[in-house]
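The values are calculated or read from the model by the stated rules, or taken from the named source; none is laboratory data. Predicted, not measured: the structure shown is a model, and the values here were computed from it. Cβ placement follows ideal geometry from the backbone for every residue including glycine, while neighbour counts extend to all protein chains displayed. These area figures cover heavy atoms from the full protein model, side chains too; ligands, DNA and RNA do not enter into them. Shrake-Rupley method; radii C 1.70, N 1.55, O 1.52, S 1.80 Å.
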Amino acid sequence: MSHSAQISAAIIGSGNIGTDLMIKILRHGQHLKMAAMVGIDPASDGLARANRLGVATTHEGIDGLLALPDFGAIKVVFDATSAGAHAHHNQLLQQHGVRVIDLTPAAIGPYVVPVVNLQSQGDAPNLNMVTCGGQATIPMVAAVASITDVYYAEIVASIASRSAGPGTRANIDEFTETTSQALQTVGGARRGKAIIILNPAEPPLMMRDTVFCLTPPGDPHAISAAVTAMAARVQEYVPGYRLKQEVQFETISPADAHRYPDLGPEGGLKVSIFLEVEGAAHYLPAYAGNLDIMTSAALACGEHIAARLLLRQGA
């Protein structure tokens, strides 16, 4: 596609997530091109890197973005700031008809996980990327839910402490709440719970995610096949996403069902899925798979929006 047949995008938030996303768009953008990087710290590495790469920058936040000479050409904005700041940003951007992709846990728009519901939600004016843990685990819950009811889903996301910047740390409470809700609304679980662990180990550990599902008695082979197929679909945009071992099943007998409040008297299955996410090392090293899955999902959504906009323009 020619450079002229691309949609201009801006990123608000020049921290780890925003900078990684900028590099992805510059390297892999097909329907999107980088128009501006927005921050509030003039000394941030993200703004300095954007300058070196020839991307327009401002350290005056959303007001600086709106004041840029080429703002009128920007049709897609990625917000990688905080849940609190996003509400204000979105309010201003919607007045200009800009499509907003929210990488904070603000959840103003619908939760979107590309392999699960981008096709049905892609036309919303604001798309929420849930959380890094949500992007990694919700596809697995949705895969199980495609075969059988999921009475309860619990995910544990363990990420390297060094991969969590100040924005991520400020949003820890929202992370657990947003991910828990999306396990239900997107993943299809009747009840969801999310736990995040910031692991301070050195050298930093790769992102690991564990998914537990309680289901009625079912077909383990069908569930395993659905999980494996879903993992392959996620790998199409996150190559470092992988199952660490075969899906594990524990049969819960009717005699033991009372120990699991979400199960009925007939008992059921406990399904355990173990994931690892290796980052592409576009900005932070490969251990930061949490960064990579979040920005890869956001880019997939941005490309979807840009392709639809170009189609409407006849480009």
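Mean sequence separation of contacting Cα pairs (under 8 Å, at least six apart), scaled by the length of segment 8-93, corresponds to a relative contact order of 36 percent. Element breakdown for segment 132-285 at a 1.4 angstrom probe: carbon and sulfur atoms account for 52% of the accessible area.
When you work out D = kT/(6 pi eta Rh) for segment 135-289 at 20 °C and 1.002 mPa s, using the Kirkwood radius from C-alpha pairs as Rh and the Stokes-Einstein form, the result is 133 µm²/s. Rounded to the nearest Hz, the phi-derived 3J(HN,Hα) couplings of segment 197-209 under the Karplus curve 6.51 cos²θ - 1.76 cosθ + 1.60 (θ = phi - 60°) are 10, 9, 8, x, 4, 10, x, x, 8, 4, 4, 10, 9, where x marks glycine and proline.
Averaging the Cα positions of each part gives two centres, and for segment 108-172 and segment 38-58 these lie 28 Å apart. A simple rule links phi to the HN-Hα coupling: the Karplus curve 6.51 cos²θ - 1.76 cosθ + 1.60 with θ = phi - 60°, which for segment 109-120 gives x, x, 5, 10, 10, x, 6, 9, 9, 4, 4, 8 Hz, with x for Gly and Pro.
Rolling a 1.4 Å probe across the protein heavy atoms gives the chain an accessible surface of 41 Å² per residue. Fully extending the segment from Glu177 to Ile195 would add 5.5 nm, taking 0.36 nm per residue of separation and subtracting the current Cα-Cα distance.
So between Leu309 and Phe274, what do we pick up on full extension, going 0.36 nm a residue minus the alpha carbon distance? Let's see the in-between values first.
Details: separation 35, 0.36 × 35 = 12.60 nm, distance 3.77 nm.
Between Leu309 and Phe274, full extension yields 8.8 nm more.
Look at the alpha carbon pairs under 8 Å that are at least 6 residues apart: their mean separation over the length of segment 132-285 gives a relative contact order of 29 percent.
Note: relative contact order over segment 114-198, using C-alpha pairs below 8 Å and six or more positions apart, is 40 percent.
Where Lys and Arg each count +1 and Asp and Glu each count -1, what net charge lies around Pro285 among other residues with Cβ under 13 Å from its Cβ?
On the way: positive: Arg162; negative: Asp20, Glu202, Glu278, Asp292.
That sum, taken over residues with Cβ under 13 Å, equals -3.
Under the rule a/c < 1.5 gives rounded, and otherwise a/b versus b/c splits prolate from oblate, where does segment 62-174 land using the Cα gyration tensor? Before the final figure, lay out the partial values.
On the way: a/c = 2.83, a/b = 1.56, b/c = 1.82.
Judged from the Cα gyration tensor, segment 62-174 comes out oblate (a/c at least 1.5, b/c at or above a/b).
Take the solvent-accessible surface of the protein heavy atoms, probe 1.4 Å, and return the percent of it on segment 1-131 that carbon and sulfur atoms account for. Carbon with sulfur: 50 percent of the solvent-accessible area.
Please state the equivalent ellipsoid semi-axes for the chain: what are the square roots of 5 times the Cα gyration tensor eigenvalues, largest first, in whole Å? Spell out each step's value before the answer.
Values: eigenvalues 260, 78, 58 Å².
Over the Cα atoms of the chain, the semi-axes work out to 36, 20, 17 Å.
Going by alpha carbons, how many degrees (0 to 90, nearest 10) lie between the helix axis of 83-94 and the longest principal axis of the chain? Between helix and principal axis, roughly 50 degrees.
Pairs exceeding 24 Å between alpha-carbon atoms, taken from Lys24/Lys244; Lys24/Lys193; Lys24/Lys75; Lys193/Lys244: Lys24/Lys244; Lys24/Lys193. About its Cα centre, the chain has a charge dipole of approximately 580 debye under the convention of +1 per Lys or Arg Cβ and -1 per Asp or Glu Cβ, with nothing else charged. Taking θ as phi - 60° and the Karplus parameters 6.51, -1.76 and 1.60, the scalar couplings of segment 152-167 work out to 8, 10, 10, 10, 10, 9, 10, 10, 5, 4, 5, 8, 9, x, x, x Hz in sequence order, x denoting glycine and proline.
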